[in-house]
Amino acid sequence: MKRNRERKYIWNFLKAAVVIGVALALLMPGSAAFANYGKTAKVQASVNTVVAATTIFTIENPPVDFEVVDADPFDGFGDNGPYSTFNDALLGTFGECRSMAEFDISPFSVPPGEFISVATFEVKITEIDVFGLGVDGETPESLAVDGYVGNGLEELSDFEAGDGNVLDSVDTPDPQIGQVLSFDVTSFVTDLVNSQEQYVGLTIRAETFGGLWVTEGGVFPKLTIETIPEPEPDLDCSGTLSWTEVSPGEIVAGQFLVANIGDSTSTLSWNIESYPSWGVWSFTPSSGSGLTPEMGAITVGVEVTAPDQQNQQFTGEIKIVNTEDSNDFDTISVSLKTPVSIPQNKLLIDSWFLSILERFPHAFPILRQMLGY
């Protein structure tokens with residue numbers, strides 16, 4: 001039934017070989033993929049499995065990172081700074097200090113056939129005994145990260161630029177010096193990449209009373225973007241359509257199944273590309289989208305009006321195609337047979353002859369035996 005499956009497996013194998021070749025090239029010493037960007041921006045590639053690779057893009061300790069203080073008045077707006085150091089996440093009685101980092105993502109692009117699977121923002125705790133703005137060594141219960149569209153400049157207004165756009169929060173009940181905190185910023189980074197924004201602005205702040213230092217240095221603060229291949233759907237159809245003894249012009253019905261047997265979470269869009277030229281056909285539905293392996297197979301109802309021809313055997317196939325990959329298709333075999341037309345006068349003669357046999361049950365014994373009557 002699946003005529004093209006072997007060809008598709010070969011195609012997937014070739015794609016996997018290309019991915020592995022690219023990954024090995026990227027890992028070669030001196031590769032352009034390891035060229036520094038900003039302070040220490042790096043692109044890396046590594047192979048997870050034979051058929052799937054992960055591309056990792058990392059920006060470490062970006063050149064635009066700073067902090068802003070809200071105090072005098074303590075009103076939710078930046079008043080002092082910006083100070084060119086990424087350091088404090090502090091919420092006190094008399095004010096607040098937040099640290100911002102703006103990552104230039106213009107060198108990054110999603111490889112063809114892949115999507116952003118995860119984006120993480122990481123900072124490292126460098127001090128837990130923090131004082132100022134009413135804080136006397138207390139530590140917050142959690143830190144949060146807000147997102148905003150940056151412009152590559154250190155500005156007071158960046159203090160509140162991410163208000164209302166909380167991306168993630170990490171509990172800090174027992175913070176330790178050297179502890180790395182990781183925040184999930186996947187959706188926000190994906191949106192900015194898709195809209196072709198240049199800078200991802202990320203603000204780290206204390207959610208409750210207290211303070212921590214997350215001083216820049218080494219590789220921190222750090223933004224990591226990972227991409228993986230898009231999950232591939234795989235069209236599969238099952239069933240046959242066969243009708244016999246169908247009168248010319250008669251409408252007959254049947255059904256077949258359409259399923260996505262591809263990668264988990266993949267979505268399939270399909271349609272009926274062709275069907276036999278004989279008869280009048282209708283399909284319910286004739287196309288679909290968003291079909292996942294988890295949904296199972298869907299039923300396609302078929303109705304056909306038989307051609308106006310006697311004593312004929314009609315055959316053919318219905319072709320169903322993945323609308324995003326013309327090489328992924330399947331077919332359903334079809335056959336329809338119309339009976340021989342018996343003239344009306346012959347039917348009358350046959351009826352008359354049978355009535356004679358019934359009227360004279362002992363007549364024509366040899367003929368009765370031949371006819372099995």
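Results, tabulated for the structure shown:
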item: Whole-Hz ³J(HN,Hα) from phi, Karplus 6.51 cos²θ - 1.76 cosθ + 1.60, for the range 284-294, glycine and proline x; result: 9, x, 9, 7, x, 8, x, 7, 9, x, 5
item: Cβ-derived FRET efficiency at R0 56 Å, PHE115 paired with ASP308, nearest 0.05; result: 0.60
item: Under 18 Å from the Cα of LYS337 - aspartates and glutamates, other chains or at least 8 residues apart; result: GLU245, GLU250, GLU303, ASP308, GLU317
item: Karplus 3J(HN,Hα) series, Hz, for the range 239-254 with 6.51 cos²θ - 1.76 cosθ + 1.60 (x for Gly, Pro); result: x, 9, 10, 9, 10, 10, 6, 9, 6, x, x, 6, 9, 10, 10, x
item: Other-chain or far-sequence residues with amide H under 5 Å of LYS337's (modelled H); result: TRP243, THR244, GLU245, VAL246, PHE314
item: Amide H contacts of GLY262 (H built 1.01 Å from N, under 5 Å, at least 5 apart or other chain); result: ASP234
item: Local electrostatic count at ASP171 - Lys and Arg +1, Asp and Glu -1, tallied over other residues with Cβ under 15 Å; result: -4
item: Simple label model, 7 Å out from Cα along Cβ direction - THR265 to SER355, nm; result: 7.8 nm
item: From phi via Karplus (6.51, -1.76, 1.60), per-residue ³J(HN,Hα) for the range 72-78 in Hz, x at Gly/Pro; result: 6, x, 8, 9, x, 10, x
item: Other-chain or far-sequence residues with amide H under 5 Å of SER142's (modelled H); result: THR172, GLU207, THR208
item: Dipole moment magnitude, nearest 20 debye, the range 235-337 about Cα centre, only Lys, Arg, Asp, Glu C-beta charged; result: 280 debye
item: Fewest-first ranking of VAL304, VAL110, using other Cβ atoms within 10 Å as the exposure measure; result: VAL110, VAL304
item: Net charge dipole size for the range 156-274 [Lys, Arg +1 and Asp, Glu -1 on Cβ; Debye, nearest 20]; result: 200 debye
item: Net charge of neighbours whose Cβ lies under 12 Å from the Cβ of GLN198, counting Lys and Arg as +1 and Asp and Glu as -1; result: -3
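Laboratory data are not the source of any read-out in this text; all were calculated from the coordinates shown. This one's a predicted model, so the numbers in the text were calculated from it and none came from an experiment. No Cβ is skipped: glycine too gets one built from the backbone with ideal geometry, and neighbour counts run over all protein chains shown.
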